[in-house]
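Right, one structure below, let's go through it.
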Amino acid sequence: MLAALAACSLVACRLPYTNPPLAPETPIPTTLPGTVAATNEPSIIPTLSPPETFITSQYRLVATLDFAAHYLAVSQQITYTNNRAQALDKVPLVVPVADELITISSVGYDRGTDWSYNGNRLGGLIELMLARPLLPGEVLQIEIEFAIAVPERPTLLGWSTRQMTLIDWYPFVPPLDAERGWLINEPTQQGEHLVYESADFDVSIYTVNAPSLLQIAAPAPAERREGATHYQLSNARRFVWAASGHYQSETVQAGQDRTPITIYFFEEEQTAAQAALRTAAASLEIYENLFGTYPYESLAIVECIFPDGMESDGIFFLDMGYFRRYDGTQRNLLTMLTAHEVAHNWFFGAVGNDAGNEPWLDEALATYAELLYYEQAHPLDLDWWWQFRIQQWEPAGAVDSTAYELPGFRPYVNAVYLRGALFLHAVRQQVGDQAFYTFLKDYYAAYTGSIANKEDFLDLLQQSTGEDMSALVAEYFNGGD
């Protein structure tokens, strides 16, 4: 248990499988707290149409993975467009790889050669000083050559005897906020800190010294091209992947566009993997109905060997422990967290947020999405969800707490995830189901491709529902404003 909690500072969803089970004698409530029946009320305003998305960065990555040597060599090209109103005299690149693991052999760009790199065991920063300012609408071309010695450890970027995971493995341009500047956060003890803009990705992966049964789990459909496996992923926050010679896979289709959903798993977990695949398909269809169209071409689920869950665009990871503890029912972490991670494609992927300073904007919504999944797919298990997920923890803390101000992992989850879900449920109680679901669709449509903040969320909530939320904001948020 202590090892699992210690590892949680390195990964995303912070939902370790060490949650204590309900005692057999614990009574399950016969009624849901604050359940609101669906109504046929008309929408307050028409659901918004998705805005035109202005992609700032395009990434082309050509990676050669020496699987046996655990070594990744990468040629990277970034096309960065200044979509802001002001000219830029420098552009930073966040390097999310520990300094001792990455070797940057060259950095070139078409407005000078004066660049610097500062790194440490938590990552680093490349700063490009521009000889001529990058005016609004102008494009900067960047080329980087680097290599990573992938470490043997069960974490986001690492390998074990059964798989290799490559998450946050390349330098990227952070978002530029008109008021706050470049959104570059310090690492946190709990929660996440990296902030990503929507971007387009063109990725080619070559493999050498690899097992004959090697499979790559990736967030987009694969195409074989000139000896490489090629992927294109559009309007995504990042491109992550995994590779293993031990994977088995199964695929189903779900949703209005018959989206292919593939799970990559280890042979002994086939029954649990099939259950997770069913949950993912059902939750994707439920969320399309409640939030809007699934934003990517495919979805991959990856059984992994690090003690947590990790969301990303078109792909997510769940630790082997969740699969091994699957009990054949719906009352388990594998089912609950699969529904959670699927929801992150809408809230994290399509609608972005500052994970370090406003983590509730994706984590509270993904947690509440678990309830929405159980309501529609397994209503007889709703009381269990409330007790297991929320009530046993007696959550406290401000929903809009940052990942920096809370004194540990459990207080962070209680405030951001659990009280965040309680806040959303209280909103739903106040406005009614129809207005609440209209708001979720409006929020997804309005901020797809953007980075939303607290003010965006609350302002649109007021506009979409026509309700005064000041009492709820005062109850659940810091300072009530």
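Here are the numbers for this structure:
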| item | result |
| --- | --- |
| Chain lengthening between Asp459 and Gln391 when straightened (0.36 nm per residue, less Cα-Cα) | 21.5 nm |
| Globularity ratio of segment 193-243, using Cα Rg and 2.2 N^0.38 Å | 1.27 |
| Full-extension gain in nm, Glu127 to Glu267, via 0.36 nm per residue minus C-alpha separation | 45.9 nm |
| Extension gain (nm, one decimal) between Ala471 and Thr293, 0.36 nm per residue minus Cα-Cα | 60.8 nm |
| Fraction of antiparallel bridges per DSSP, the chain only, in percent to nearest 5 | 75 |
| Rounded Å value of the spacing that divides the Cα centres of segment 234-283 and segment 122-196 | 26 |
| Computed [θ] at 222 nm, helices only, for the chain once each DSSP H run of length n ≥ 4 contributes -39500 (n - 2.57) | -7000 deg cm²/dmol |
| Estimated FRET transfer efficiency (Ala69, Arg162; beta-carbon r; R0 25 Å; 0.05) | 0.90 |
| Crossing angle, helix 433-447 versus the chain [Cα axis fit, 0-90 degrees, rounded to tens] | 10 |
| Cα-based helix-to-principal-axis angle, 360-377 vs the chain, degrees rounded to 10 | 50 |
| Reference-scaled alpha-carbon Rg (2.2 N^0.38 Å with N residues) for segment 77-208 | 1.12 |
| Kirkwood hydrodynamic radius of the chain, from inverse mean 1/r over distinct Cα pairs, in Å | 23.0 |
| Compactness relative to 2.2 N^0.38 Å, alpha carbon Rg of segment 330-466 | 1.00 |
| Label zone at Trp182 (point 7 Å along Cα-to-Cβ), backbone N below 12 Å, segment 96-115 | 115 |
| Share of pairwise Cα separations in segment 404-481, more than 14 Å, in percent | 66 |
| 0 to 90° range, to nearest 10: angle between helix 333-343 axis and the chain longest Cα axis | 70 |
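Bear in mind these aren't lab numbers, they're just calculated from the coordinates by the rules spelled out. Bear in mind the structure is a predicted one, so any value in this text is a computation, not a measurement. FYI the Cβ positions are ideal-geometry reconstructions off the backbone, even for glycines, and counts take in every protein chain you see.
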